[in-house]
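Data block below; observations after.
The numbers here are math on the coordinates, done by the rules we state, and not lab data. Every value quoted in this text rests on a predicted model; they were computed, and no experiment measured them. Counting neighbours? That spans all protein chains shown, and the Cβs are built from the backbone with ideal geometry, glycine included.
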Amino acid sequence: MNDLFAIDPRLRALSDAVEKQCAPQFERAQRVSRENSERVLAAFIHNRVSEPDLHGTTGYGYDDRGRDTLDRVWAEAMGAQAALVRHTLISGTHTIATALFAMLRPGDRMVAVTGRPYDTIQATIGISGTPGQGSLRDYGVLYSEVPLTPDGQPDLPAIASAVRGAKLAHIQRSRGYSLRPSFSVETIGRVIDAIRAADPNVIVFVDNCYGEFVETREPPSVGADLMAGSLIKNAGGGIARTGGYIAGRGDLVELCAYRHTCPGIGAEAGCTLDVLREMYLGLFLAPQTVENAVKTAVFSAALFGALGMGALPAWDAPRTDIVESILTGSAARMVAFCRGIQQGSPVDSFAAPEPGAMPGYASEVIMAAGTFTSGASIELSADGPLRDPYAVWLQGGISYPAARVGVLLAAAEMHKEGLLTLPE
Ligand SMILES: *Cc1c(COP(=O)(O)O)cnc(C)c1O
């Protein structure tokens, strides 16, 4: 093969060996993708998606057939009663905030049962950020938190006692920017069983960001009442340019629709402009896209593992999200890693990422992303704060063969700067 990227033959040889080693994991990702693709296709067929559904409306968007059909397709694909899929849900954070505000009333208590929630959700709850912006706390919603056990697992007895009398339990599937393990759908099911046994009236909400289609079932199939996620992560398949989804119990999704637009209107209005085609196509492709991202994560874990770096999860561990943390061990390696990822991006390949200050972070942060959709982390991207253990969070890859190049360039860049030795 003509090497357009001038990758050291030793690194090429190592990557070929690593890829062979990953074959069983790749096969697993393929099996998951096959099952999920069939479920999504069946949902399209059962709901009789037709050509006019792909075209949107303007103005109030009354009787928007494509929007209503998409909600039903989504619900079926996710194993939920109902869904609300909107381009006007601007991000994962906005979508999760919409769901939480829809569920919670003054005096209610929310319990985060898998430890401190993802950074951006904290300002919505009111445990970070500026008082007075209208957080849940500003509205008199009470909050408590159950830390994970020392090995990063949900603390079931502590959860059972904390949720009694609470309105809502919050579970986060992916680990976000922490190094705790992500939680499989099976583990989420065990947490839900513990919550139900303690108090059957608690609403169980799952932050499903980064988790969609990594396994063959989603949180509603193990009893979650409601879940939410972003369309510029897994569920948009790399095609949707913006948006979010909420799926779960019909009565709760309806409340979310009232919160998203307004009471009395709910899901009856909201025009779709020209976004429906990409939302349908994105969902249709999502299982396949996620397969590519999972393969990229597995390959990276194995490659950097072979080069002497830690990787979480390990290359051969079961997966429940698309996030991989590579423990590079030094600031210089982190910078080189991100430069390599950037060089292998289809957009802005010529940019050189630099560490910089970010609001909300104590240390400098570096990011690499050259994406078709701004900020889309289903596309190959890497970032992390420059502090011990100098971990980069790597995610995405809508095409494994192309993302693999980015990962190889990350290793090549470290090598070029004398930060690692290649096996002879
Ligand atoms: C990405 C993410 C969010 C927030 O999504 P944004 O689209 O970045 O606002 C929330 N929770 C988890 C676990 C995430 O990974």
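One residue stands out in region 43-98 among those that are in a helix (DSSP H, G or I) and without any contact (Cβ under 8 Å) to a residue 24 or more places away in the chain: the one that is surrounded by the fewest Cβ atoms within 10 Å (Cβ to Cβ), namely GLU51. Within region 95-150, if we keep just the residues that are within 16 Å of the ligand (Cβ to nearest atom) and of a type in the set (Ser, Thr, Tyr), the residue that is nearest to ARG180 (Cα to Cα) turns out to be THR114. Looking only at residues of region 219-234 that are touching a strand residue (DSSP E or B) at 6+ places or on another chain (Cβ under 7 Å) and farther than 24 Å from GLY165 by Cα, we find that the one that is surrounded by the most Cβ atoms within 10 Å (Cβ to Cβ) is LEU231.
Restricting attention to region 240-251, the residues that are surrounded by fewer than 23 Cβ atoms within 10 Å (Cβ to Cβ) and among the hydrophobic types (A, V, I, L, M, F, W, C) total 0.
Taking the criterion of being acidic (Asp, Glu), under 28 Å from ALA158 (Cα atoms) and assigned to a helix (DSSP H, G or I), would at least one residue in region 111-123 satisfy it? Checked against the condition, which is being acidic (Asp, Glu), under 28 Å from ALA158 (Cα atoms) and assigned to a helix (DSSP H, G or I), region 111-123 yields at least one hit. Yes or no: region 219-239 includes at least one residue that is of a type in the set (Asp, Glu), within 18 Å of the chain's Cα centre (by Cα), closer than 17 Å to GLU76 by Cα and away from the ligand (no atom under 15 Å from the Cβ). The answer is no; no qualifying residue exists. Only one of the numbered conditions (1) more than 16 Å from the ligand (Cβ to nearest atom); (2) in contact (Cβ under 8 Å) with a residue 40 or more places away in the chain is violated by ARG173, and that is (1). I'd like to check something: does region 201-210 contain any residue that is assigned to a helix (DSSP H, G or I) and more than 14 Å from the ligand (Cβ to nearest atom)? No, that holds for no residue.
If you scan region 1-42, which residues turn out to be part of a helix (DSSP H, G or I) and β-branched (Val, Ile, Thr)?
VAL18, VAL32, VAL40, listed by residue number.
Considering region 176-187, and only residues there that are surrounded by 18 or more Cβ atoms within 10 Å (Cβ to Cβ) and of a type in the set (A, V, I, L, M, F, W, C), the residue that is farthest from the ligand (Cβ to nearest atom) turns out to be VAL185. Put simply, of ALA23, ALA13, ALA29 the only residue that is loosely packed, with under 13 Cβ neighbours inside 10 Å and not charged (D, E, K, R) is ALA23.
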